[in-house]
Amino acid sequence: MSSSHPWWRHAVVYQVYLRSFSDGDGDGTGDIAGLRLRLPYIRSLGVDAIWINPWYVSPLNDGGYDVADYRRIDPRFGTLEDAIGLIEEASGLGLRVLLDLVPNHTSTDHVWFQEALASAPGGKARARYHFRPGRGPGGAEPPTDWISVFGGRTWSRVGDGEWYLHLFDSTQPDLNWAHPEVRAEFLDIIRFWLERGASGFRVDVANGLEKDPSYPDVGAVDKPKGIPGGDLHPYSDRDPLHEIVREWRSVVDEYPEAILVAEAWVENWDRLARYLRPDEYHQAFNFEFMEAPWTEEAMKSAISIAVPASAAMGAVPTWVLSNHDIVRQVTRYGLPQTLDARDWLLDGDRELFDPGLGLRRAKAAALLMLGLPGSAYIYQGEELGLPEVHDLPLEFLDDPTYTRSEQTMKGRDGCRVPIPWTAEGGSFGFGTDGSWLPQPADWGGLSVESQEGVPDSMLELYRTAIRLRDQHLAGSESFEWVEACVGCLAFQRESVLVVVNFGPESTVMPEGEILLASSRLVEDRLPPDTTAWLGV
Ligand code: GLC
C-alpha cells in the first residue's frame, strides 16, 4: 500500500547494537565493517531504517553511552570514513540511518570534563557540568540525596573537594544545559551528522536534560528503575527542557526527511505527549507497551491510551517490545506475568521460565505490534526469538548496573549477547572466533542460517508480517477496537482484523481470510497466546 504520509509515520526501524551485531575484523567486538556485510540481511527483513546505538569514541564504560568525542568513531568500531560509507551504502539499499544522540552526559574522558578537572572550583570550565560543594562538615556529604539510575549516589567527589553530578555511572558526568556553549555544541553535532547523511537521532535520556538550579533533595531512599519525574521534579521531565528540543528541531527541519525520536521515561501519557508537540520530537517510544505484562488488560490499556494521545498531538504511536536496556521478551513473557523479570535475572528460580511459552507469546506480540498504526522498532535478535541470556557468568558482566547496585541487579548484558548468524562455528558467524560476551552453546539453533526459509520460524514470521504490513497497513492510520471473541483483543485496520487470543482456551475466530497467524491454527480456531491477521 503506498502512503502519502512522511516515511517515519509508519516506518519499521531495526535497532543495531553495533558491539554485538557482526564482527568484521575478528576482534570479538561488532563493528561497522560487520554491519556493512549484513546490510542485505537487514534489507531482507523489509524494514525502512536502522538505528545504531552510540558508535562514537568512548571508553565503553556504559556500552558507548559515555561519549568522549561526538564527531569521531571509536576505533574498535571503525573510522569516520567507514561510518560515512555505511550511511551511503545503507541509503543505496533504501535504508535510512538514525544515530544515537547522547546529550545528557559525556564521558569523563571528554575534553570538556578533563578541562573541568584541571580547573579550580568555581572555574569557568566547570560550569559546563554540575559541580557543587558538598554538605555537612568539610563538605563530605554529597550535595543532594539523589540516587543514580544504576544504583548508588548521583555525585562523585574530585580531589579538591567539589562534587559533580552523574545520573548514571560516575564516568558519565551530566552536562549543564543552562550553559550556552553546551547548547551551541549540540546544535553543531546534530548538523555534523545530518550533513553526513544521517536521517535523524534517537535522543538518549530525553527527559533528563534540565536540573533544578537549587538542587533540592527528593527524599528518595531507593531508585529501582527509570526516573519518571514531572515538572516539579529536580532532574527529570522538567518543563524548560522543551525549549532545548525546539532549538534542535529547527535545525533538523532544515533536512526535510530527518527526525528526532525521544527516549523519555516519564510518568504518564499526559507528560509524554508534550514531547510530541509539532515543533518537538517526531516520535517518542511507548515504554508502557514494552513493559506491559502479557495480559489482555495491560496490553489493551497501553494501546488504548497511546493511540488517541498521539493523535491529539498530530503524531502517531511508536511501538517497541524490546531494546538494549530490557529483558528480552521471550524471557519476559515466559515467566509468571506478576514477576519483574529484571529482579529474576540474578538468582530467581530458573524453573519458573517456560521458553516455549515465552517464544509463542513473543510471536503473538510481534504480530500485535506490527498490526498497530504508527511506527515500530525491532531490536536486533528479536526477529530470531533470542531469549535473555540469564545465566551469563558474573565475571563477564560489563553493564555498570551490577557493581553500582552492589550486586543486587544483574543488569542488561543478557540482552546484548552477540547475534548468532550461522548454525556452527566459533562465534556462530558473529566473527571469527570469540565474542566479547559468551554465547550460549545452543545459540546456533536460533541463528539466521537455521531459521532462513523455515516457514514456522520467528525470522520468517517477522519477514512475512513486515511485507503484509507494507501491503495492507502502511498507508493507513485508522484503528478501531472490535469485539471479536471472548478473551481476545481485536482491532480493525482498514481491511485487516488483528485478533489476539490471551485466553487459556482456543477460540472460534471471526470470519475472514487468514493472512497470517503467529502459531498453527487448529481447525480454524485461534489457539491461546496467538495472533492472527484476517482479511475482512
Ligand atoms: C539510556 C540508554 C542506556 C544508557 C543510559 C545512559 O537509557 O538506553 O543504555 O545506559 O541511557 O546513557
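The values are calculated or read from the model by the stated rules, or taken from the named source; none is laboratory data. Model, not experiment: these values are computed from the prediction. Here Cβ is always computed from backbone atoms with ideal geometry, including for glycine, and neighbour counts include all displayed protein chains. Please note that ligands, DNA and RNA were not included when accessible areas were found on the heavy atoms of the full protein model with its side chains. Shrake-Rupley method; radii C 1.70, N 1.55, O 1.52, S 1.80 Å.
The share of accessible area on segment 185-329 that comes from carbon and sulfur is 51 percent, using a 1.4 angstrom probe.
Of the beta bridges in the chain, as assigned by DSSP with both residues counted there, near 55 percent are antiparallel.
Multiplying each eigenvalue of the alpha-carbon gyration tensor of segment 313-460 by 5 and taking the square root yields semi-axes of 24, 22, 15 Å, largest first, rounded to whole angstroms.
Cysteine residues of the chain whose C-beta has no other cysteine C-beta under 4.7 angstrom: Cys415.
Multiplying the residue separation of Asn268 and Ala441 by 0.36 nm and subtracting their alpha-carbon distance yields 58.1 nm. Let a ≥ b ≥ c be the square roots of the eigenvalues of the Cα gyration tensor of the chain; is it rounded (a/c under 1.5), or, if not, prolate (a/b larger than b/c) or oblate? Because a/c hits 1.5 or more and a/b exceeds b/c, the chain counts as prolate. Normalised by 2.2 N^0.38 Å, where N is the number of residues, the alpha-carbon radius of gyration of segment 111-165 equals 1.12.
List, in order, the whole-Hz ³J(HN,Hα) value for each residue of segment 399-406 obtained from phi through the Karplus relation with A = 6.51, B = -1.76, C = 1.60 and θ = phi - 60°; use x for Gly and Pro. Ordered by residue, 3J(HN,Hα) equals 5, x, 4, 4, 6, 5, 8, 6 Hz. Here the gap between Ala311 and Glu181, fully extended at 0.36 nm per residue and compared with their Cα-Cα distance, gives a gain of 43.2 nm. As a fraction of the 1.4 Å probe accessible area of segment 478-535, surface on carbon and sulfur atoms comes out at 48 percent.
Would segment 478-535 count as rounded, prolate or oblate if I go by the C-alpha gyration tensor, calling it rounded below 1.5 in a/c and otherwise prolate when a/b exceeds b/c, oblate otherwise? Verdict is oblate for segment 478-535. In this Cβ point-charge picture (+1 for Lys and Arg, -1 for Asp and Glu), the chain has a dipole of about 640 debye about its Cα centre. Here the accessible area is traced with a 1.4 Å probe on the protein chains. For segment 111-165, carbon and sulfur cover 56 percent of it.
Averaged over its residues, the chain has an accessible area of 36 Å² per residue, based on protein heavy atoms and a 1.4 Å probe. Only helices enter this figure: runs of n ≥ 4 DSSP H residues, each worth -39500 (n - 2.57), summed and divided by the residues of the chain, yield -8000 deg cm²/dmol at 222 nm to the nearest 500. Residue separation of Asp456 and Ser91 scaled by 0.36 nm, minus their Cα-Cα distance, works out to 128.3 nm of gained length. Site pair Val251 and Leu352 shows an inter-label distance of 4.5 nm when each label is modelled 7 Å from Cα along Cα→Cβ.
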